[in-house]
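What follows draws every value from the coordinates through simple rules; no lab data is involved. Here the structure is a predicted model, which means the values were calculated and not measured. Neighbour counts are summed over all protein chains in view; Cβ atoms, including those assigned to glycine, are modelled from backbone coordinates with ideal geometry.
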Amino acid sequence: MIQIKNIKKTFNPNTPQEVKALQNVSLVVQKGEYLVIIGANGSGKSTLLDVIAGNFLADEGSILLENQDVTQFADYQRSKWLARMFQNPLSGTASELTVLENFRIASLRTRKKGLKLGIDADFREEVFEKIKLLGLGLEQKINQPIGSLSGGQRQSLTLAMALMDTSKILLMDEPTSALDPKSAQMIMEKSAEFIQNFQLTALLVTHDLRDAQQYGNRLIEMKNGNINRDIAESKKNLSAQEIFGWFSEKE
Ligand code: ADP
Ligand code: MG
């Protein structure tokens, strides 16, 4: 579960470049909830994910992950709860290292000191079993450099990472925009399946309004650093046409 209360974030305060990226955002995302976030460029979608992940601290407000107050936590202190899929499949992984080593790094990220890349049989087995759940045969590739895999394969491994350790929150920021249409659809379907089957708490930022209509059980629209619309129960009755209409309205 994610609990965000009165979060504000201003970049370059008191300068001509000042941007109020998050004006005053409060949001609770329950375990098992799949929240889709849409909104114009610059409306604060990525900043919202960044403050959840701790890439930078919010200026004001509080953030709880799985009931733990992490407001002042650095990114590595929060990462045990989080798996993150970026727009660029190359982000968040080390290309030259194997799939297994990348999983190891992801799990070591939650420790401050004594970083070791020791991989024992139990760890290897856990990674193998988690990747197997994807049903893509990628468990056969755990000793290959992750850079030798396709973008879609790399994105799907992030889903398996969300099942490692304590991590149960999945953050996805335009995860399909650099993929071919077939891989993009595969990622959308696999993530929906994983979120449902493993009761992940998931946030998806997307520009694809059809995906926004089709996936998730709640939809928010961000506008100028605020939540402009928040649609939960009635989302299933919402048509893609209606969502398109929000963005053709005159200001
Ligand atoms: P979105 O993901 O909705 O397109 P962002 O959250 O990335 O929007 O950005 C919100 C606003 O904050 C934009 O005006 C953007 O230029 C600004 N912004 C984002 N990150 C930074 C940063 N690191 N430094 C300065 N301004 C930033
Ligand atoms: Mg963005």
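Applying the condition of being surrounded by 17 or more Cβ atoms within 10 Å (Cβ to Cβ) and small (Gly, Ala, Ser) to the range 61-85 and asking which residue is nearest to ligand 2 (Cβ to nearest atom) yields 83. Within the range 146-187, being within 16 Å of ligand 2 (Cβ to nearest atom) and either part of a helix (DSSP H, G or I) or surrounded by fewer than 23 Cβ atoms within 10 Å (Cβ to Cβ) (or both) holds for 173, 174, 177, 178. Against the criterion of being crowded, with 20+ Cβ neighbours inside 10 Å, of a type outside the set (Val, Ile, Thr), farther than 15 Å from residue 172 by Cα and in contact with a strand residue (DSSP E or B) (Cβ under 8 Å, 6 or more places away or on another chain), residue 58 qualifies. Each residue in the range 39-63 was checked for being assigned to a strand (DSSP E or B) and at positive phi, and 2 pass.
Matching residues to (1) small (Gly, Ala, Ser); (2) within 16 Å of ligand 2 (Cβ to nearest atom); (3) assigned to a helix (DSSP H, G or I):
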site: 189; (1), (2), (3): no, no, yes
site: 195; (1), (2), (3): no, no, yes
site: 207; (1), (2), (3): no, yes, no
site: 213; (1), (2), (3): no, no, yes
site: 216; (1), (2), (3): yes, no, no
site: 220; (1), (2), (3): no, yes, no
site: 234; (1), (2), (3): yes, no, yes
site: 242; (1), (2), (3): no, no, yes
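The residue list 53, 21, 58, 40 contains one member that is touching a Lys or Arg at 6+ places or on another chain (Cβ under 9 Å), within 12 Å of ligand 1 (Cβ to nearest atom) and more than 16 Å from residue 212 (Cβ to Cβ), which is 21. No other residue among 95, 62, 46 is of a type in the set (Gly, Ala, Ser) and under 24 Å from residue 129 (Cα atoms) apart from 95. Of all the residues in the range 1-29, those that are of a type in the set (S, T, N, Q) and under 12 Å from residue 227 (Cα atoms) number 4. Within the range 86-101, the residues that satisfy the criterion of being assigned to a helix (DSSP H, G or I) and either surrounded by fewer than 21 Cβ atoms within 10 Å (Cβ to Cβ) or free of Cβ contacts under 8 Å to residues at least 12 places away in the same chain (or both) are 100, 101.
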